[in-house]
Structure formats: structure tokens, C-alpha cells
Amino acid sequence: MPARRRPTGLLRRAGFVAASVAFGIACGSVGDPRPPFLNLPRPVEDLSARQLAEEIEVAWSWPVATTEGMIARHIGRFTLWAVDVPGFSGQLSPETIDEYRRSVITLGTDDFVDSAPGDRLHLSAPLEDWQLGQTTVLVLTASNAAGKDAGYSNQVRIHPLDPPGAAEWAAISVEAQGVLLRWLPATRAEEYAIERAGGEGLAFRTLGRLGVTSFLDRTVGWGTTYRYRLRPLRISEAGWVEGPLSVTVRVTPEDTFAPAPPRDLRAVRATASVELSWLPSRDDDVEGYRVHRNGAVVSPLVTGPSFSDVSAPADSALVYSVSAVDDNGNESEPGAKLSVPAQGTRAN
């Protein structure tokens, strides 16, 4: 049997028409053909920007879906636009952005090969690329492979300025109330953000922001190593400009501070003892108290604010005082002294 020849283009088209007719007869009707997907990524909604020292840092999330509800796996490029419109206020219209925009940077597919929908993307541009003292609006477009986009992202503002200089540490000391940090004023700084990490490998978190050059960290735990760093801040018309981070310092506070002694010591002579009581120490880490008689310790470490001195001589005048001991073994000086006359003798 001779080999069959492949159909020509006309025959192929005729065969396709015949198959289509047959399918239409079998199914009753033929649906309208669907247009191809445009694969337009939805506009970015979480664009953010800040000035960090000598750079403008920008971040956003890769759109999760396209305008047609498909997963936005394929993006051709991201383009960051700067819009300089003197005297503007409020939100800029897309038409105004189209007129005044200038491209800052474009990321192609080779720049985000390891990223996927939902991932956070970052880029930075040197401060020398921006006009200092001028407020600029930033927007972003996410384009498909054909270079088409579905519109601009949310708008963010920056107002580049000369950043504050670095802050230098002046003194760090451990006090009874915590770790006291002091630093020298940084040029152009109006506030300082104090950051602390609880140990190696742990993330820094901001403890606070203040306009002075000292801070007492009252939230430390004894024996724990902490890392501290400072970031100076300067206010601009679009928010805070962040300066460079200071060097990181490490502090391991140890409790070497004695608690406050107890107060209001009182004593009553009983038939065969002297009964003592006092108000507790104001410190919350007190483990117990020691009773002193005539300068010598006459009690074990008692946990409550009272003691019965059954070894007290009845025929002698006595002088009592009480000291407080914390849970690290630090002992206070004895508190105020109290004289107790010999039994049968009236106090002056």
C-alpha cells in the first residue's frame, strides 16, 4: 500500500472545519472563542520607601494574581517611577503621573529569578540620584512579558535630606535600676532610636525614640547579655530620615547592688525573749533578713518581717538593727538602730 501524503494547508483547514461541524452537531452548539489571557499583574498595593543614610530604600510585594484572577507567575519587569510636581498636594492622578514621571530603575526577569508571587522585593538607589530638599512621589508598575501593565501602585513620598551623622557612645554603666546608656550628640539628629537584642543571633527591636542623649533600660534581666545600637533620626516633610547605625555594644548586667534596709524596727521585751518586727525592704528581690544585736548577727536568714530573740540576756541593755539580703546574696547595711533596756528597766 503506498504511503499516504500529509494534507495540504487547504485540506488541513477543511478537516478542521469538518471536525468543528461534527462537534457542533454532537454538542448542540459551538461556544464563542475566548481571547487569550493578557497576564497583567495587579497593581502593587504595598510600595514603601525610606531614606536610610545615603540611600533611598524601596520595597514592595510581588503581586499574587493577575487582573484575570490567575496566579501572577510571569512578570516581565518592575519599573520604579519618580514624579516631581512642584506645589502638589494629595494624590496624583494617573494622567499627572504620565506627564511628569521619570524612570528611576527597572528590574528585568534576570533580577528576580529567585522570587515568586507574594515575595517581598527590595531595591536601593544612592542619595546622589535625588534632589535634596524636594518632595518626590514614587510609584511602581508591574508589567507582563509584552511590557503592558494594569496601572500604578500606591503612591509614597520621600523628601531626601542630608542624613544625620552617626552617634558615638559616651558611657555605659550598670545601675541598680538597669543599664544606663549615654552617647554624644550626632550632627543633624533630632531624635534617636534605641535598639536592643537579647542575645547573639536574635533580632534587634526598638526600645524607644527620644530627643535626649541618655536612656535607662529598666527591663533588663541580671546575668543576660544584651546588644545595643543607636540610629539617629532627622525629620523631613515626608517623614523621618534615618542616619547610620552606631557600633553595637554588649552589656551583661550583674546584680551587685544591695537592697534597701528594712524600716520602722520595733521591739518588745517578753518574759524570756525580745520580740522584734519591722517594715519590709522596698526592693522586690529581697530573700530574707538578718537581725543584729550589739553589732553581731543573732538570727538565721529569716524570710518574714519579724524575729523572736530567745537568747537575749534579760539583765543587759541591747541594741538591735536589721539588714536585708537579696536573692543574689547582696546584703544591705543594717537599718536604724533600736535600743532595748534591760528587763525591769524603763526606757529613757
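The values are calculated or read from the model by the stated rules, or taken from the named source; none is laboratory data. Source: prediction; values computed, not measured. Cβ atoms come from the backbone with ideal geometry, glycine included; neighbour counts cover every protein chain shown.
Can you work out which of the residues in region 231-270 that are in contact (Cβ under 8 Å) with a residue 60 or more places away in the chain, part of a loop (DSSP other than H, G, I, E, B) and among the hydroxyl-bearing types (Ser, Thr, Tyr) is surrounded by the fewest Cβ atoms within 10 Å (Cβ to Cβ)?
Checking each candidate, the answer is Thr256.
For region 113-134, does any single residue satisfy the condition of being acidic (Asp, Glu) and modelled with pLDDT of 95 or more?
Yes; the residues of region 113-134 include at least one that is acidic (Asp, Glu) and modelled with pLDDT of 95 or more.
Exactly one of (1) surrounded by 12 or more Cβ atoms within 10 Å (Cβ to Cβ); (2) within 27 Å of the chain's Cα centre (by Cα); (3) in contact (Cβ under 8 Å) with a residue 40 or more places away in the chain is unmet by Arg182. Its number?
In the conditions (1) surrounded by 12 or more Cβ atoms within 10 Å (Cβ to Cβ); (2) within 27 Å of the chain's Cα centre (by Cα); (3) in contact (Cβ under 8 Å) with a residue 40 or more places away in the chain, Arg182 misses (3) alone.
I'd like to know if region 10-31 contains one or more residues that are among the aromatic types (Phe, Trp, Tyr), surrounded by 10 or more Cβ atoms within 10 Å (Cβ to Cβ) and modelled with pLDDT of 95 or more.
No: zero hits.
Can you confirm whether Gly90 is free of Cβ contacts under 8 Å to residues at least 12 places away in the same chain and not acidic (Asp, Glu)?
The answer is yes for Gly90.
Would you check if Ser93 is surrounded by 12 or more Cβ atoms within 10 Å (Cβ to Cβ) and farther than 18 Å from Gly147 by Cα?
no
List, please: which pairs have Cβ atoms under 9 Å, are six or more places apart or on different chains, and start with a residue in region 143-160 that is part of a strand (DSSP E or B) and end with one that is surrounded by fewer than 15 Cβ atoms within 10 Å (Cβ to Cβ)?
That search, which allows pairs on different chains as well, returns Val156/Ser48; Arg157/Glu237.
Please determine, by comparing only the residues of region 315-340 that are surrounded by fewer than 14 Cβ atoms within 10 Å (Cβ to Cβ) and out of contact with any strand residue (DSSP E or B) (no Cβ under 7 Å at 6 or more places or on another chain), which one is farthest from Ala260 (Cα to Cα).
Ranking the qualifying residues of region 315-340, first place goes to Asp315.
Matching residues to (1) over 25 Å from Glu68 (Cα atoms); (2) surrounded by 14 or more Cβ atoms within 10 Å (Cβ to Cβ); (3) β-branched (Val, Ile, Thr):
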residue	(1), (2), (3)
Val113	no, no, yes
Pro117	no, yes, no
Gly133	yes, no, no
Gly151	no, yes, no
Gln155	no, yes, no
Ala166	yes, yes, no
Arg196	yes, yes, no
Leu210	yes, no, no
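Within the group Asp98, Asp114, Asp119, which residue is free of Cβ contacts under 8 Å to residues at least 40 places away in the same chain and under 32 Å from the mean Cα position of the chain (by Cα)?
Exactly one residue qualifies, and that residue is Asp114.
Any idea which of Tyr226, Tyr152 is out of contact with any Asp or Glu (no Cβ under 7 Å at 6 or more places or on another chain), of a type in the set (Ser, Thr, Tyr) and in the same structural domain as Ser115 (by TED's automatic domain parsing)?
Testing whether each residue is out of contact with any Asp or Glu (no Cβ under 7 Å at 6 or more places or on another chain), of a type in the set (Ser, Thr, Tyr) and in the same structural domain as Ser115 (by TED's automatic domain parsing) leaves just Tyr152.
Please specify each residue of region 295-312 satisfying the condition of being loosely packed, with under 13 Cβ neighbours inside 10 Å and part of a loop (DSSP other than H, G, I, E, B).
Residues satisfying the conditions are Gly295, Pro300, Leu301, Thr303, Gly304, Val310, Ser311.
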